[in-house]
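Down below is the structure, laid out as structure tokens.
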Amino acid sequence: MANIKKILTKFGISEQQVGYFIADNADNNNTYINNLSVKFRFNPLYHRLYYIGYVINLVTYMLLFGANSNILNKKEENPDTVFC
């Protein structure tokens, strides 16, 4: 966290200039942005954007596999079988 603040300060970016953050759903990204929001005084819910490629990937995965979302992690009994 201190490194980001140092970098922003080095480039002359003030609290008022901190904009939006794009990241995936990982808990550590949410934690980091929440902590950064305290230091730079912004609303993390308003300034947190989700990477659209990641969102599309999640939606596609659920449309293709639905409740059986662990199918890709399963070991194949027949190596010639292709899951589409």
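Coordinate-derived values only; no laboratory data. These numbers were taken from a predicted model, which means no experiment stands behind them. In this analysis, Cβ positions are derived from the backbone assuming ideal geometry, glycine residues included, and neighbour counts consider all displayed protein chains.
Observations
- Phi-based couplings in Hz for the stretch 28-36 (Karplus 6.51, -1.76, 1.60; Gly and Pro marked x): 5, 5, 4, 4, 4, 5, 4, 5, 5
- Highest to lowest packing among 34-47, 11-24, scored as the average C-beta count within 10 Å: 34-47, 11-24
- The distance between label points at Leu64 and Tyr50 comes to 1.9 nm (points 7 Å beyond Cα on the Cα→Cβ vector).
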